[in-house]
Amino acid sequence: MISMDIKPTPTPAGADKQRRPRHDLRSRPRGALRITGIGTIVRFLVVLFLAAIVFLPVYVSYVSAFTPNGEMARSGIVPNPAHVTLANFRAAATAVPLLREYVVSIGVVTLQTVGQLLTGALAAYALVFPRWRGRRIAFGLVLVTLAIPGETIVIPNYELVGSIGLRNTILGVVIPYLAAGYPIFLLRQAFAAVPVEIWEAARLDGAGDIRALFTIIIPTCRPQVTNAVIWSALAAWNGFFWPLLITDTAAARTIQVGISQLAASEAGSPSVIFAGAVLVVVPTMLLVIFAQRFLINGLTRGVLR
Amino acid sequence: MKNRVLTTAIVVAVLAGAAACSSTTSGSTGASAPDPSALKNAKGVTQITIWHGLGAANGVAFGKLIDEFNAANKGKIHVRATYQGAYPDLLAKYTAGLRSNSTPTVLLAGDIATGFMTDVKKSIPAQDMAKANPGDLKLSELSPAGRNYYTVDGRLQAVPMNMSTPVLWVNWDLLKKAGISEDTDLSTLDSVVAAAKAVAEKTGQKGFTMPDDDWYVEQLTSTAGQDFCTPDNGRKGTAATGITINSGAAKSAITKVADLYRTGVAVDGAPDGSASISAFQAGKVGLLLQSSGLLGALKTGTPFSYQALPFPISGPRSRSGGIIGGSALWLSSTAKQAQQVAGWKLETFLASPAAQEEFSHATGYVPINTETDSSATQQAYLKANPNLRTFARQVKNTPTVSATAGCVTGAMTAIRTSNINQLQAAFSGSKSVGAALDQAAADAKSAIKTYQEQVGQ
């Protein structure tokens, strides 16, 4: 045994604690370092492989969008740079009023995200700080809404929004989604982790509920709030069936509905469809890339509590 | 994509029942097709709407026709055309609109919507409108294949707008490498199977592909001379009760194609057909079954000699042939009478020889008006574009029998979805062809039953 070879030397009390780690290190069986190295490499390769699985379809979409039909299959994974073209984007822009639909989509995303954040924060605050009878039941009801598939409420929503005269308007697109269960759940969990003393102190200093929420609680939970914003924005940007159903003219159409027009033919041109897909995916990718610091922080926060 | 199809299927299913119920209370339709006086007596500009599912270049060409109609009818009729999603989404949206009475004056619905559109009884049959408006569209000018498809219970229900036809796309460079010359007969399924095997064997490339789409299974059935649905494809007064692909000539034809996949001669074409198109355009597959609508996409970036040939048949020529695809114009029975006549004027314009010629050149669809052929510019165009001539000839030469009319049932979307799943299992080898087709038939039977219960048939 290697540890047997090491002669213990008398040391002053206290120093023992500091030296023990070194002793442990030395006493590690021979080859352990090499195993750790191999383990790291294996782990790295696995991560690389998984990243490739995720990245490959994105790569194929981008390359196909910039090359003629069939180029990807012809020249393999690295296409011939001589064939790079913007023709697919031009064809997509001719078939669909991209700019106007982008503007509508941005409007929908803004309204829906702000709405969900406001209703989510107010609901989460009410579920955490003031003490009132039935708040656990209320929270349970919010959780139940997460289990209801969106498709099942499309028709009642359609009839309701139609009956209040909001069909074919941007407001009609966002109104059923101004409150959502997931952001409430996310913010409620975040607020519950804030020490109640902070809230009590704010209240003692004379802050009302709204002021306590917006100046004390929300700034304390910035990562989770960012997380909720990203979730809401992505959901709003990616909506397809509801915006299609509730809008009748191109003026209130979102980009997702518009882009689907590129694929709606019996044998569409795959490269033009990819070009459309790339244009739709760019904002969501940018959002996730720039906000991922908050996203990861928000997701892992509280796991050790 | 699958999710979207499922969502659409759910919504259509939920709404179908309600739509059918409301139709029975609103009385019969078509009994009172308005005559031209309804529009004459209307004051100001009659505003009408048309919903369509034409995407990309087809949508652009359609928009141009609408602009032409609006310009020609300035001060009298104004049409607002809106894209409302691909055919299944369009149908879901229309069905939702039925409940709130917000459907368009004219709906350009996909071919397989025929059964559903007839069942909900919210359209005036084209036959009735033509009778009440003798100065407008002449139904006798419409292509017999188109009339055959959209005739249900002996009456033409809708005016076909665009027809596609399934064809065999051939990469001659690859076939020649396999020793198959351009004068080889590829008109039968057996000859196509043999050619595909030769390509795979001698060139190292794949011999065959097609989209994993039930439309092609329906074509393999009709080109075997067999009705897809029983009885009589649902067209002779009795609603369809099941599908026939697990028996007879259809089963034999589908098995031959499935064997190409199971032995590695064919390459998977993906449900949306994109993989089949990419592989064909990359020169990696010799033979492709696809819609005539592919012509536009092939025109750019196909660096080899290709040609469209008629869809291979496996049954007797007198009663076998392809089924048309495309869409047709359905006129609302709930719109105001002036709007209905204006809508009929629009349908007359869209189906006219000149509009059909223009639309055909822009999209590759086969003109639905037989008079288009008598135009000198059309003849010159066909001479310069032999593939379009092949499409038109195939449609013209298809015998008008129940097999080539295709199945009419409102459960078609659900049938197609379950058939695709079984088809993929059969092609991949995870299930025997017989077991997959039997399962598809059982699923179709229950889909039809569910649909009929919902609409109270």
If you average the alpha carbon positions of the range B:109-176 and of the range A:45-69, how far apart do those two centres end up, in angstrom?
42 Å
What does a probe at residue A:209 reach in the range A:131-145, counting residues whose amide N is under 11 Å from the point 7 Å along Cα→Cβ?
A:131-132
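How much net charge surrounds residue A:128 when only the other residues with a Cβ under 9 Å from the Cβ of residue A:128 are counted, with Lys and Arg +1 and Asp and Glu -1?
Details: positive: A:135, A:188; negative: none.
Within the 9 Å Cβ shell, the charges total +2.
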Using Cα centres only, tell me the gap between the range B:314-386 and the range A:226-270 in whole Å.
31 Å
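Going by average Cβ density within 10 Å per residue, which order do the peptides A:92-99, A:188-195, B:83-90 take, highest to lowest? The partial results should precede the final answer.
Values: A:92-99: 19.1, A:188-195: 17.1, B:83-90: 24.5.
Sorting A:92-99, A:188-195, B:83-90 by mean packing, highest first, produces B:83-90, A:92-99, A:188-195.
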Report, by chain and number, residues whose modeled amide H sits under 5 Å from the one on residue B:77, excluding near sequence neighbours (fewer than 5 apart, same chain).
B:46
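A 27 angstrom limit on the alpha carbon distance is what I want to check against. Which of B:197/B:445; B:93/B:449; B:93/B:131; B:197/B:431 exceed it? Walk me through the intermediate numbers first.
On the way: B:197/B:445 35 Å; B:93/B:449 23 Å; B:93/B:131 30 Å; B:197/B:431 22 Å.
Listed pairs above 27 Å: B:197/B:445; B:93/B:131.
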Of B:432, B:162, B:277, which is farthest towards the positive pole of chain B's charge dipole, taken about the Cα centre with +1 and -1 on the beta-carbons of Lys, Arg and Asp, Glu respectively?
B:162
All-pairs Cα distance distribution in the range A:119-194, expressed in whole percent, bin size 5 Å
3, 15, 21, 19, 14, 14, 10, 4, 1
Nitroxide proxy distance, nm - points 7 Å out along Cα→Cβ at residue A:86 and residue A:56
3.2 nm
What are the extents of the Cα atoms of chain B along their three principal axes, in Å, largest first?
71, 51, 38
5 Å is the cut-off here: which amide hydrogens, built 1.01 Å from N in the peptide plane, fall below it relative to residue B:309, excluding neighbours closer than 5 in sequence?
B:168, B:169, B:170
Using the Karplus curve 6.51 cos²θ - 1.76 cosθ + 1.60 with θ = phi - 60°, work out ³J(HN,Hα) for each residue of the range A:149-157 in order, rounded to whole Hz, and write x for Gly and Pro.
x, x, 4, 6, 9, 5, 5, x, 4
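In nm², what is the average projected area of the convex hull enclosing the Cα atoms of the protein assembly as shown? Before the final figure, lay out each step's value.
Values: hull surface 182.1 nm².
Here the figure is 45.5 nm², rounded to one decimal.
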Here the percent of antiparallel bridges among DSSP beta bridges lying wholly in chain B, to the nearest 5, is 65 percent
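Given the DSSP H assignment, sum -39500 (n - 2.57) over each helix run of at least 4 residues in the protein assembly as shown and divide by its residue total; what's the result at 222 nm in deg cm²/dmol, nearest 500?
For the protein assembly as shown, the value works out to -17500 deg cm²/dmol.
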Please list 3J(HN,Hα) in residue order for the range B:107-123, calculated via the Karplus relation 6.51 cos²θ - 1.76 cosθ + 1.60 where θ = phi - 60°; whole Hz, with x for glycine and proline.
10, 8, 9, x, 3, 6, 6, 3, x, 5, 4, 6, 5, 6, 6, 10, 10
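Taking R0 as 51 Å, what's the FRET efficiency between residue B:176 and residue A:38 from their Cβ-Cβ distance, rounded to 0.05? If you can, show how the numbers build up before the last one.
On the way: r = 54 Å, r/R0 = 1.05.
Using R0 = 51 Å, I get an efficiency of 0.45.
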Mind pulling the angle between the C-alpha long axis of helix B:337-350 and the longest principal axis of chain B? Nearest 10 degrees, somewhere in 0 to 90.
40 degrees
Any idea which of B:32, A:181, B:294 is furthest toward the positive side of the dipole for the protein assembly as shown, if Lys and Arg beta-carbons carry +1 and Asp and Glu beta-carbons -1?
A:181
Karplus ³J(HN,Hα) for the range B:160-169 (6.51 cos²θ - 1.76 cosθ + 1.60, θ = phi - 60°; Hz, whole; x = Gly/Pro) runs x, 9, 9, 10, 10, 9, x, 9, 9, 8
Charge tally for neighbours of residue A:108 with beta carbon under 11 Å away, counting Lys, Arg as +1 and Asp, Glu as -1, is 0
Cβ-placed point charges (K, R +1; D, E -1), dipole of chain B about Cα centre in debye, nearest 20:
520 debye
With labels modelled as points extended 7 Å from the Cα through the Cβ direction, what inter-label distance (nm, one decimal) is found for residue B:299 paired with residue A:234?
4.0 nm
5 angstrom amide H check on residue B:161, placed H, neighbours 5+ away
B:327, B:328, B:329
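None of the figures in this text is laboratory data; all of them are computed from the coordinates on show. Quick caveat, the model's predicted, so the values are computed rather than measured. Cβ sites come from the backbone with ideal geometry, for glycine too, and all protein chains shown count toward neighbours.
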